[in-house]
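Peer 1: Structure incoming, see below.
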Amino acid sequence: MPLRLTSAQQAELGALATAAFPREACALLVGRAEGDGLVVERIVPAANLAVSPEREFELDPAVHVAELCRLREAGGPQTILGHWHSHPNGRAEPSVQDAAMIYDPAMLWLISAVDAAGAAPPRAFRPHADASGFDPFPLQTDS
C-alpha cells in the first residue's frame, strides 16, 4: 500500500523546504485511500511554531484544526493522511526528536532533506503502533 505523490507535489514540497531553509518547513498531507494505496490530493502548508525551528517542527495546530473542520464539513473520502517536514542540512529520515513527537501512529510522516543547494526527494515513514520509532513506508511518484 504505497503513498502516492505527484511530481508537482514533490516539487511543491521542495519549494517549501528551500524557502524555509535553514529552518524546518511543515505541512499536512490530505488525501484518500484508492485501490491499494493512499493518494495525496492536497498539501496544506503550515507555520512552524517550534521554539528552535532550525532543529524541530511544531505544525501550527490552528491549521490542523481548520483542516479537520473543513474535511468534516465536506463529508467526502478525504482525510489527513499525515504530515511532511524538512530536515535542513540533515537526512530524509526520522530523527530521535521526531520519534519523541509521535502523537498519532496512524499518521504517515514524509521527510525531505534540504541544504543550500535545494531539497532532495522526500521519503515516507509510518510510526510504530507503540510510538517507539518508524518503519520506511513505500512512496510512489509519477515521475
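Peer 1: Among (1) in contact with a Phe, Trp or Tyr (Cβ under 6 Å, 6 or more places away or on another chain); (2) open to solvent by 50 Å² or more (accessible area, probe 1.4 Å), there is one condition VAL51 misses while meeting the rest; what is its number?
Peer 2: (1)
Peer 1: Oh, and also: Pairs, please: C-beta under 7 Å, at least 6 apart or cross-chain, first residue open to solvent by less than 60 Å² (accessible area, probe 1.4 Å) and in the stretch 30-48, second of a type in the set (Gly, Ala, Ser) and assigned to a loop (DSSP other than H, G, I, E, B)?
Peer 2: ASN48/ALA25
Peer 1: Scan (1) open to solvent by 20 Å² or more (accessible area, probe 1.4 Å); (2) under 16 Å from ALA25 (Cα atoms); (3) of a type outside the set (S, T, N, Q) for the single condition GLY75 breaks and write down its number.
Peer 2: Every condition holds for GLY75 apart from (2).
Peer 1: Within the stretch 114-137, how many residues are closer than 18 Å to LEU28 by Cα and surrounded by fewer than 19 Cβ atoms within 10 Å (Cβ to Cβ)?
Peer 2: Looking only at that region, the number is 4.
The values are calculated or read from the model by the stated rules, or taken from the named source; none is laboratory data. These numbers were taken from a predicted model, which means no experiment stands behind them. Backbone-built Cβ (ideal geometry, glycine too); neighbour counts: all protein chains shown. These accessible areas exclude ligands, DNA and RNA; they are computed on the full protein's heavy atoms, side chains included. Shrake-Rupley method; radii C 1.70, N 1.55, O 1.52, S 1.80 Å.
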